[in-house]
Each structure stands twice: as structure tokens, then as C-alpha cells.
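Scroll down for the structure; my scribbles are underneath it.
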Amino acid sequence: MGSEFRIIESVGFDKPSRVTRDEESGLITIHSVKYLGSVSSNVEEGVHNEYPLQGRIESESLYDGASCYLNHVSRANPDQDRGYEEKIGRIRGPFTHAKDGSRASLLVNPHHPLAEKIAWDAEHSPSSLGLSHSAAGHGEVAEGSKARQVTVTRVRSVDLVAAAATSSSLFESEAPMSDPVETPDVEEVEAVEAEAPEPVVVDNTAALEALQSKIDALEAQAKETARVTAREKMLSDSKLPDDVLQPVFVEQVIAAKDDATATALIEGLRRVAFTQNPEAAPAAPVKAADSVDDFRNWMRS
């Protein structure tokens, strides 16, 4: 069967995918994505890898629950631990196997910053995405053949990559496996995802209340300015002599609780003016206050 060797195999999304969301958790599922092709397009020393149907069927349990990270694993250090922020989700069944390759579902954490972009690309721009798996396997080249029949024996991760890195850069490394590739534990994967941080909810109530208070104050100020301007116009339109429009009377008119009261005050001022200057009085008799002091007393009553 040959010695175990490392495999880093990439394959692009070959068609638009159906995307669904769980109503309760928001979990995004990208259905039927190809995670392993049947033939590698990469050729090394005239030999390429092939993944027979039966071997792909037997290895599906190795992929079920495998972690999915963003970007390729490091070629220089493929066993290096991946960052928490790189994890986007995991591979899950149902699995289907066809002549051109094997497919499964990609479960995406809906709270990852790139989750919605990935979902959109999977539906509308599948050529932007690809999967690259970091795995190990056995394989031999039959005499006279240019194909190595490979059986996957271990899966470390299946990584989401840009299509530019998958279209013509399929590659496998035959460096001996110095350490076993750790097969992801499904329960551990679920525990980590359960600990994923909830979306941050910011309470803006206090800020909104403060803003509303400022708006209310500005509206009240504008209303008061309009009221004072209207009262000053009433005094101007009354044509009363300046010696009658003493500050105390002007303040009384402006401070009046409504226009009717302000009008009554102006008429009282008018009576005082006519009493002091009978020639300015209208033809019709007008009952007037006997003096300014009488008018002041009338305002206080």
C-alpha cells in the first residue's frame, strides 16, 4: 500500500449552491459543495493522484464534522494550530459520491464576520470559492500507470479558499507524516461552536433619550421665539404712542398666557392713550380708564 503521505488537495465550487438558514440558531448551511474531486489536475513527475469512488465512500466518516477554516494551511508548517478567528464552520453530511467527486454540506457560523459574504458567493458567484483539505493517505502507482490510486486515511481540516488559489494550484505533498494528523472530534467541534460569542447588543436608550431632550428644548425655544415675535407685532400694529408703551406694559403683553389676553391688554393701553389725548380718540365714545394708575390696577385685578 505504500507509506502514508500528506495530501493538500484543492477543488473549486463547480456550481451555484443552495443556501438555507436555521430559523432558531441562524446557522447557515451551504448544500452539496464538492470537497474532494476524483482526479487531481496537478502532475508531479508525470504522476497525478486519483481518488476512486469506493475509497471516497469509505472515507466520508473522516470528513463528517471536520473543521473548516479560512485560507490554505501553511505549506511550511501544515501541523500548526489554526487561529480561532480563522474557523468558519465544519463539514457535515449528507454525503453524495459521483464520478467527478464527492459532496457534502458546509455549515457556516452565522456570527462570523464573513458569513454573509460566503453565503452570497456560494449562491451567486461560486467561481469565487473553493475547498482545500489538509489530509493524509496511502497510495501506489501501478506499473506502467501515470495515476496514483489514493485512499484518504486522516483528515485534519477542510479549508475555505479563494478560487484563484484552487483553479490551477492543486497540489499534494509526499513529505512523510512525522506526526499523526488529528481527526477532529465531532463533540469537541460542537462544544467550541456552542461557546462562540453571541452578537453584541448595544443599548442606546440613554443616548436616544438625551438626544430627544435636546430636540424638545430646541423646539420649545423656537416656539417661544415665535410667540414673542407675534406679540411684538401685535404691539407694533396697535400704533400706540411710545409714551404709552412703557416697558412694564410691553412685558405684560408679551407674558400674557394667550392672544386673547394680550389683545385685552393692548385695548386697555389704547383706552389710557385716548384718555390722555382725547383728540386721538375715535368718534364713537369709548369707556376709558381715568388714569395710568387706574389701568395698572385693572391689570392686577
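Which of the residues belonging to segment 104-134 are over 24 Å from the mean Cα position of the chain (by Cα) and at pLDDT below 90? If you could, list the steps in order and put the result at the bottom.
We begin by selecting, within segment 104-134, every residue over 24 Å from the mean Cα position of the chain (by Cα); these are 104-105, 127, 130-134.
Residues satisfying the conditions are S127, G130, L131, S132, H133, S134.
Could you check, for segment 97-109, whether at least one of its residues is surrounded by 15 or more Cβ atoms within 10 Å (Cβ to Cβ), within 27 Å of R21 (Cα to Cα), of a type in the set (V, I, T) and touching a helix residue (DSSP H, G or I) at 6+ places or on another chain (Cβ under 6 Å)? First the steps, then the outcome.
Of segment 97-109, the ones surrounded by 15 or more Cβ atoms within 10 Å (Cβ to Cβ) are 97, 101-109.
Of the ones still in play, those that are also within 27 Å of R21 (Cα to Cα) are 97, 101-109.
Remaining after also requiring of a type in the set (V, I, T): 108.
The next check asks that each one be touching a helix residue (DSSP H, G or I) at 6+ places or on another chain (Cβ under 6 Å); those that pass are 108.
Yes - at least one qualifying residue is present in segment 97-109.
Could you please find all residues in segment 1-52 being polar (S, T, N, Q) and either surrounded by fewer than 21 Cβ atoms within 10 Å (Cβ to Cβ) or in a loop (DSSP other than H, G, I, E, B) (or both)?
Initial filter on segment 1-52 (polar (S, T, N, Q)): 3, 10, 17, 20, 25, 29, 32, 38, 40-42, 49.
Across segment 1-52, the qualifying residues are S3, S17, T20, S25, T29, S32, S38, S40, S41, N42.
Which ranges mark the helices (runs of 4 or more DSSP H) fully within segment 226-301 that have 3 or more residues being crowded, with 16+ Cβ neighbours inside 10 Å and at pLDDT 80 or above? Give the derivation first.
Numbers: elements: 247-255, 259-276, 292-300.
Where helices (runs of 4 or more DSSP H) fall fully within segment 226-301 and carry at least 3 residues being crowded, with 16+ Cβ neighbours inside 10 Å and at pLDDT 80 or above, they are 247-255, 259-276.
Just one of the numbered conditions (1) in contact (Cβ under 8 Å) with a residue 24 or more places away in the chain; (2) surrounded by 13 or more Cβ atoms within 10 Å (Cβ to Cβ); (3) out of contact with any helix residue (DSSP H, G or I) (no Cβ under 6 Å at 6 or more places or on another chain) is not true of Y69; which one?
(3)
Since V202 meets every condition but one in (1) modelled with pLDDT of 65 or more; (2) surrounded by 10 or more Cβ atoms within 10 Å (Cβ to Cβ); (3) among the β-branched types (V, I, T), which condition does it not meet?
Here V202 clears every test but (2).
The values are calculated or read from the model by the stated rules, or taken from the named source; none is laboratory data. Computed from a predicted model, the values in this text were never measured in an experiment. Every residue, glycine as well, gets a Cβ built from its backbone with ideal geometry; the counts of neighbours run over all protein chains shown.
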